[in-house]
Amino acid sequence: MNVPPFTPTPALQGEPPSGRGSFPNSTLVGGLFSRRQIRSITDGFTGFIIKTGGIGIILCILGMCVFLVKEVIPLFQPSRATSTESISLSAPKTTSTTVLIGIDEQQELAYVLRDGSLEFVFLAGATPATQEIPSRTLVTDESVTAVTRALGKGHYLAVGTEDGRIIPVAIEFTHEFRGNDRLISPSVTVGTPIMAAPTPQPITKMAYQRTESDVRIAALLQDQHLWLTTSRTTSRPDGTAAASITQVDLTPTIPGRITALTLGSRAEILAVGTAEGNLHHLDVAEPARPVLVETTRASEQGKAITALAYLMGDRSLIVGHESGELSVWTPVREHPGTNKTHMAPIHRFAAHQSAVTDITISQRDKGFITTDTGGEIRLHHSTSEQTLLTLTPQQGGLRNTYFSPKADGLVSVTEDNRLIHYHIANPYPEITWATLFSPVWYEGYDQPKLVWQSSSGSDDFEPKFSLTPLIFGTIKGTVYAVLLAVPLAVLAAIYTAMFMHPNLRAKIKPTIEIMAALPTVVLGFLAGLWFAPVLERNFPAMTGMVLVLPLVIAVAAGFYLILPASFRHRIRPGVEALLMMPIIVAVVWGCLETNAWWESFLFDGHYKPWLESHLGLNYDQRNAVVVGVAMGFAIIPIIYSISEEALSNVPKNLIAGSLALGATRWQTLAHLVLISASPGIFSALMIGFGRAVGETMIVLMATGNTPIMDWSLFNGFRTLSANIAVEIPEAPQGGTLYRTLFLAGLLLFMATFALNTAAELIRQRLRSKYSQF
């Protein structure tokens, strides 16, 4: 064989290479950069993109956190009051102490009722236009002995005279625009006087309320007789109106000296306080037949009741005492299951330093203002049971105080005839850490409870913003979903990785992973509209499946093991589980077909009454079982995929060595594979747990969205995420509900962050501990 002579290259002959570009892999590209330089630039640019993306993600997460905190912080900012320059009023004609003050919604024009006449005053900071405002409007030229106002919206006053007459007065503010100027026009309507009692006597105290057809007055005369007077207007067929007067003496039903009284805004209830500290509650819905409902000892020390007022809605009564004590009372059922109620104190506030003289309620919420003989003003909120502001004007004692219609200001008249005005910033009075996470005694409840109910159909509704039921619902839904998903997903991953035939594994694993791509809204739709009714109809059969199916599978597996070895060897290893599928299908079909028999055998013929009578459980169609199955179906692919990858990545040589040393597959799995794959399996569990915590659509569509705290499998719940989805479309921007929902989002953010951080720390520890396997 002829071999060609070897010819050395110049480099081998000792000639130096002409340069780096002389080699084939380092030729110049475009004459500027070598391929190695291009790879270096590409790697650097790719690394920069990755780092930028990572930093961007971190910044986005921090930005979300900062935004959530920014929206939540105002909830917990303290209330603030800003005083304006006081205004000197004209000197009164008499030394009478009967003064009443009010203000319009814009806090620009105030009125003062003194000496039987109304005086209008522009407040400091107002920009009055050129329209004429009546400086003084005469209401009566008689000596005025008592004045009061009606509860509720509007400015409806009543003036009591020395001869026992009551004069209704209505004030209305109208606003109009002329160019860029907003004009305020007050109008005063003086009604027909009403006699408070059959015999003329000076009126010392009174309560006044008007409805669409009635004017109702409770008047205490100088002789300590209390009269309930109702003036009712009825329409005649000829179009004219006729007025009828009903007068009832309430004195025989109320022992003791009366010191305070108030009517509810609907004029159906009357509360009377006495010098002995007793509180009398009367039903005056039928004015001709008033009924004393209850007498309660409101002061254990026997201190006189000096001020009374019903909160908006007439369910709660504010009681102020001579000792400065202040409390809120409401009807509470005496025993569960009965309708009989009694008045009970549900909130107590810090006492004033002196006797409470006046209580003015808010027309927007459950807030109110109190004053005392020392000239101190306090702003309270009933639901949160907190005193928000304490104001001590420098002008001395106070004669009357009024809470502005929008609850954003107050005006008061001092003893030295000066008008003081405060602007109040108090947007979230019902929110405290206690109202968010602790039981609160709400109106109409027998005891303090954790309740979420953000809205109602009435304006006098008491919002309930407890997040605890939502946190409980989130935990409940997550627990039930995880209880179903974790065993199925992890055991399926173990079987797939360790026992299943590779050909079968190549088909089943991608199929399960594709399940993760199913939209949760589809799962929620199917769970709520298909699976929930199916489960309700076939619940006895489903219960039978839970009892029978494990037993049948165990018997079938045992029967398979006792089959002759020659028969078992004909079955390809790793596909034995497929033989179980016909048996499982047969058991499921058989249970469904015998649903009536299961209901008769297990539940005496009717499972819902049986659950209620024997276990005290009510069955709701959309319940925790439905959500657990649907949400478990959503997180199974995630847990399965990650767990299977962790199990499959255990080095094969370790498994082969364990088997070669005589260990069985189960021993290898328990003592080697699970330990080595534990960091990955734990990560899968935590990711699935986090996925369940944040799930929204399945919970939203498959539960009744009832924010209750009950571990029962057969009722619904509401989670934090579902609550945000339900409530946020109706939440006014910047309002209490709006910011409380952002607080719920912040709690979810913090929970998932803490959970993922803890999971990563544990995963790293497990990885470090078992990295030697």
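The values are calculated or read from the model by the stated rules, or taken from the named source; none is laboratory data. Everything quoted here is computed from the prediction, not taken from an experiment. For neighbour counting, all protein chains shown are included, and Cβ atoms are generated from backbone atoms with ideal geometry for every residue, glycine included. SASA here: full protein model, heavy atoms, side chains in, ligands and nucleic acids out. Shrake-Rupley method; radii C 1.70, N 1.55, O 1.52, S 1.80 Å.
Odds and ends about this structure:
- Whole-angstrom gap from segment 665-708 to segment 234-295, using each part's C-alpha centre: 64
- Tilt relative to the chain, helix 502-514 - C-alpha long axis, 0 to 90 degrees, to 10: 20
- Straight-line cross-link reach from Lys464 at under 19 Å between alpha-carbon atoms covers these aspartates and glutamates, not counting any fewer than eight positions away in the same chain: Asp314, Asp365, Glu385, Glu430, Glu443, Asp446, Asp710, Glu727, Glu730.
- In segment 176-309, inverting the average of 1/r over every pair of distinct C-alpha atoms gives 16.6 Å as the Kirkwood radius.
- Counting every alpha-carbon pair across segment 80-452, the share separated by more than 35 Å comes to 24%.
- Looking at segment 563-636, the accessible area is 60 square angstrom per residue; that uses a 1.4 Å probe and ignores ligands, DNA and RNA.
- When a 1.4 Å probe is rolled over the protein heavy atoms, the share of accessible surface on the chain that falls to carbon and sulfur comes to 60 percent.
- Around Gln353: net Lys/Arg minus Asp/Glu count, Cβ-Cβ under 11 Å: -1
- Other residues within the sphere of radius under 14 Å centred on the Cβ of Pro573, judged by their own Cβ, net out at +4 (K and R +1, D and E -1).
- The average projected area of segment 321-382, computed from the convex hull of its Cα atoms over all directions, is 5.1 nm².
- The chain - convex hull of the alpha-carbon atoms, volume per residue in Å³: 343
- Dividing the summed -39500 (n - 2.57) terms of all DSSP H runs of n ≥ 4 by the residue count of the chain sets its mean residue ellipticity at 222 nm at -11000 deg cm²/dmol.
- Pairs beyond 28 Å (Cα-Cα), from Lys366/Lys449; Lys153/Lys205; Lys70/Lys406; Lys476/Lys507: Lys476/Lys507
- Most positive-pole-ward Cα, Gly477, Leu450, Thr435, against dipole of segment 433-531 from beta carbon charges: Gly477
- Net +/- balance of residues flanking Ala677 in space, Cβ distance below 10 Å, scoring K and R +1, D and E -1: -2
- For the pair segment 450-522 and segment 368-423, the centres of their Cα atoms are 52 angstrom apart.
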